[in-house]
Amino acid sequence: PGGVPDAVVEVETTAQLRDAVRSAAAGADVVVMAAAVADFRPAHAPDAKIKKVPGQGPEPIALVENPDVLAELARDRLRPGQVVVGFAAETGDAHGSVLDHGRAKARRKGADLLVVNAVGEGRGFAVDANDVTVVDGAGDVVATASGSKGEVADAVWDVVVPRVAPTDERAGSGE
């Protein structure tokens with residue numbers, strides 16, 4: 001029970017993902033949530049193709065909120081001393097910068113660390129290099145990293161590793 005799975009766990013829904021992640025996280029000292037699910041899903045999935053009706057538009061699709069797997073893991077801490085790390089692919093807008101949105105998300109999610117990644121216009125995805133800012137749960141900047149994705153990953157681990165409690169502290173002995 002718990003621990004890192006020996007194989008890929010295939011899921012189709014956010015609920016299935018939540019169950020698989022929680023199972024694996026129960027035995028993990030560090031949980032890194034490097035991808036996010038959609039915020040919303042259709043309330044009802046049709047059993048058949050939605051067909052065109054001449055002269056009519058499509059029926060509206062009602063949406064419901066998906067569970068927030070990262071926020072749940074941060075809240076529930078399935079193992080003593082567990083470090084929870086999330087990623088935030090962000091864009092700036094009229095309401096704030098990439099970092100503003102990342103800081104707000106860090107406070108909302110409750111993870112120990114959030115890796116804020118600016119995306120869009122040749123940044124973040126489908127490029128060889130990356131720039132990130134790592135913030136703590138209060139939204140304070142604790143590190144920045146630039147370079148290849150491997151170099152950025154190493155820099156993120158440099159921030160994560162010191163936060164992992166020694167085995168005796170996780171066991172609750174305090175000695």
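The values are calculated or read from the model by the stated rules, or taken from the named source; none is laboratory data. In this text the structure is predicted, and so the values were computed from the model without any measurement. Glycine also receives a Cβ, built like all others from the backbone with ideal geometry; neighbour counts cover every protein chain displayed. Side chains are part of the model used for accessible areas, which takes the heavy atoms of the whole protein and leaves out ligands, DNA and RNA. Shrake-Rupley method; radii C 1.70, N 1.55, O 1.52, S 1.80 Å.
Before moving on, here are some points about what is shown:
- Percent carbon-and-sulfur accessible area, the chain, ignoring ligands, DNA and RNA, probe 1.4 Å: 53
- When you work out D = kT/(6 pi eta Rh) for the chain at 37 °C and 0.692 mPa s, using the Kirkwood radius from C-alpha pairs as Rh and the Stokes-Einstein form, the result is 179 µm²/s.
- Taking the longest Cα principal axis of the chain as reference, the axis of helix 98-109 is set at about 80 degrees.
- Whichever aspartates and glutamates have a C-alpha closer than 14 Å to that of Lys51, once near sequence neighbours (fewer than 8 apart) are set aside: Glu59
- Residue-normalised accessible area of the chain, given per residue in Å² at a 1.4 Å probe: 65
- Peptides ranked, highest mean first, by Cβ atoms within 10 Å: ranges 98-109, 145-156, 64-75: 98-109, 64-75, 145-156
- Inverting the pair-averaged 1/r between distinct Cα atoms of region 33-92 gives 15.2 Å as its Kirkwood hydrodynamic radius.
- Antiparallel content of DSSP bridges confined to the chain, in %, to 5: 65
- In degrees, nearest ten, helix 149-160 long axis to first principal axis of the chain (Cα): 60
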